[in-house]
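What follows is a short report on a single structure.
The values are calculated or read from the model by the stated rules, or taken from the named source; none is laboratory data. The structure presented is a predicted model; accordingly, all values stated were derived computationally and were not measured. Cβ: placed from backbone, ideal geometry, glycine included. Neighbour counts: every protein chain shown. Ligands, DNA and RNA are excluded from the accessible area calculation, which covers all protein heavy atoms including side chains. Shrake-Rupley method; radii C 1.70, N 1.55, O 1.52, S 1.80 Å.
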Amino acid sequence: MEKIIKVAVERGASDVHIKAGDVFRARIDGQLVPLTKQRLTPDQTKTIALKLIPNELDRARIDQLRDYDCSWGMPGVGRFRVNILRQRSSFMIVMRVIPFTVPTLDALGLPGALKAVALGERGLVLVSGPSGSGKSHTVAALVNHINQEARKHIVTVENPIEFLHRDINGSVTQREVGVDTDSFAAGLRAALRQDPDVVVVSDLRDLETLDTAFRAAETGHLVIAAMAAPDAGAALSRLVACFPPDGRELGRVRLAEALSAVVAQRLLPRRDGRGRVAGVELVLASAEVRACIAAGDHAARLRALVADGHRELGMQTLEQHLHALVREELVSAEAARAALPEAQRPGLEALLAAS
């Protein structure tokens, strides 16, 4: 197993799939490719699952596990975010590769305006995107930038812990849900009593966690949170939808006041076939953007404000960034078009035609 995983990592895999009745597979440049010819038996897959589970009590109850998350490290190769699940009454394992090296904002090709956002004194920074879009890398790069440039205490609440941060100019305290704290909400509440400057939550998923994140931002902390949403407008709408119907107007106002930035991203294949590159939408909380959010207009109006703030403020729509990637010959025009919803493609076409 370890030899196969090592080969997958050397080939640039982002994920490894291990399933009873199937061969080892790896996701390389977005495509799921086979790594072996021999199919795994249910007993072999169960044995691998037992090797990956770090907790003795959880290993003892493996036959009762249905969905299980943990992290696992392989010396000299990397760390992995592990999900163990049941399918057709047998085990399947999905391993997300987490490099040992913590990424930087520049290495990920993220907008330069994010450096100032990361060093802000307060506010909520949302990192959104579909599954597998690199949200964890972006969050880690933001933490790394703060850790390199400022003398601040950063407290993370993660499930599981992915990138390992060493203390540089700042101090990074990393807590894992289920190991170091009971839940995201509990860990976030506790973080506010731990003298933090920055609080990071790896999944903003419920009203209790969201309310605590708002309170942290309102009381002078920088909060960095990841959530699954296809674009910035959808991310903001989903946060407001966490509130009960009679509390959504107040929720929009609190969101508008707390917000510092929204980063929404997706990965596209590079034109040269060597890996993938992020297409990034960046919304900064200007006065006009705050008014737009408070009024509940997250779609066309917000996109227009972001497009207009490209040169002066450093904001960018996904169409603008994809246009830049095509112009720099990092991605093909076809890949850029495919990354956009149908309704947004005319905007990209107009930019391509004008360049």
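So, of the residues in segment 193-208 that are surrounded by 24 or more Cβ atoms within 10 Å (Cβ to Cβ) and in contact with a His (Cβ under 9 Å, 6 or more places away or on another chain), which turns out to be nearest to residue 239 (Cα to Cα)?
Here the residue is 199.
Yes or no: segment 179-195 includes at least one residue that is under 21 Å from residue 98 (Cα atoms) and either in a loop (DSSP other than H, G, I, E, B) or of a type in the set (Val, Ile, Thr) (or both).
Checked against the condition, which is being under 21 Å from residue 98 (Cα atoms) and either in a loop (DSSP other than H, G, I, E, B) or of a type in the set (Val, Ile, Thr) (or both), segment 179-195 yields at least one hit.
Report, ordered by the first and then the second residue, all pairs with beta carbons closer than 8 Å, sequence separation of six or more or different chains, a first member in segment 128-148 that is over 17 Å from residue 235 (Cβ atoms), and a second member that is surrounded by fewer than 21 Cβ atoms within 10 Å (Cβ to Cβ) and among the acidic types (Asp, Glu).
Correct list of pairs: 147/167.
Among the residues of segment 179-192, write down those that are open to solvent by 40 Å² or more (accessible area, probe 1.4 Å) and small (Gly, Ala, Ser).
Of the residues in segment 179-192, the ones open to solvent by 40 Å² or more (accessible area, probe 1.4 Å) are 179-180, 182-183, 189, 192.
Scanning segment 179-192 gives a single hit, 183.
Would a scan of segment 1-12 turn up a residue that is closer than 23 Å to residue 179 by Cα, open to solvent by 60 Å² or more (accessible area, probe 1.4 Å) and of a type outside the set (A, V, I, L, M)? Spell out how you get there, then give the answer.
So the first thing to find is which residues in segment 1-12 are closer than 23 Å to residue 179 by Cα, and the list is none.
Within segment 1-12, not a single residue is closer than 23 Å to residue 179 by Cα, open to solvent by 60 Å² or more (accessible area, probe 1.4 Å) and of a type outside the set (A, V, I, L, M).
Per-residue answers, yes or no, for (1) under 19 Å from residue 6 (Cα atoms); (2) open to solvent by less than 20 Å² (accessible area, probe 1.4 Å):
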position	(1), (2)
44	yes, no
69	no, no
78	yes, yes
82	yes, yes
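Give the residue that is nearest to residue 341 (Cα to Cα), with candidates limited to residues of segment 106-131 that are among the hydrophobic types (A, V, I, L, M, F, W, C) and open to solvent by less than 10 Å² (accessible area, probe 1.4 Å). Before you say what the answer is, go through the steps one by one.
Going residue by residue through segment 106-131, those that are among the hydrophobic types (A, V, I, L, M, F, W, C) are 107-108, 110, 113-114, 116-119, 124-127.
With the extra rule that they be open to solvent by less than 10 Å² (accessible area, probe 1.4 Å), the set shrinks to 114, 118, 124-127.
Values: 114: 25, 118: 29, 124: 27, 125: 24, 126: 21, 127: 19 Å.
Step by step, filter segment 106-131, then rank; the result is 127.
Cβ-Cβ under 9 Å, sequence separation 6+ or interchain: first residue in segment 17-44 and over 30 Å from residue 277 (Cβ atoms), partner of a type in the set (Asp, Glu) and loosely packed, with under 14 Cβ neighbours inside 10 Å. Which pairs?
These pairs meet every condition: 20/43.
Can you pull out every residue in segment 209-263 that is open to solvent by 10 Å² or more (accessible area, probe 1.4 Å), more than 30 Å from residue 338 (Cβ to Cβ) and under 18 Å from the mean Cα position of the chain (by Cα)?
Result: 260, single match.
Report whether or not residue 319 is farther than 28 Å from residue 286 by Cα and of a type in the set (D, E, K, R). If you could, list the steps in order and put the result at the bottom.
Details: farther than 28 Å from residue 286 by Cα: no; of a type in the set (D, E, K, R): yes.
Against the criterion (farther than 28 Å from residue 286 by Cα and of a type in the set (D, E, K, R)), residue 319 does not qualify.
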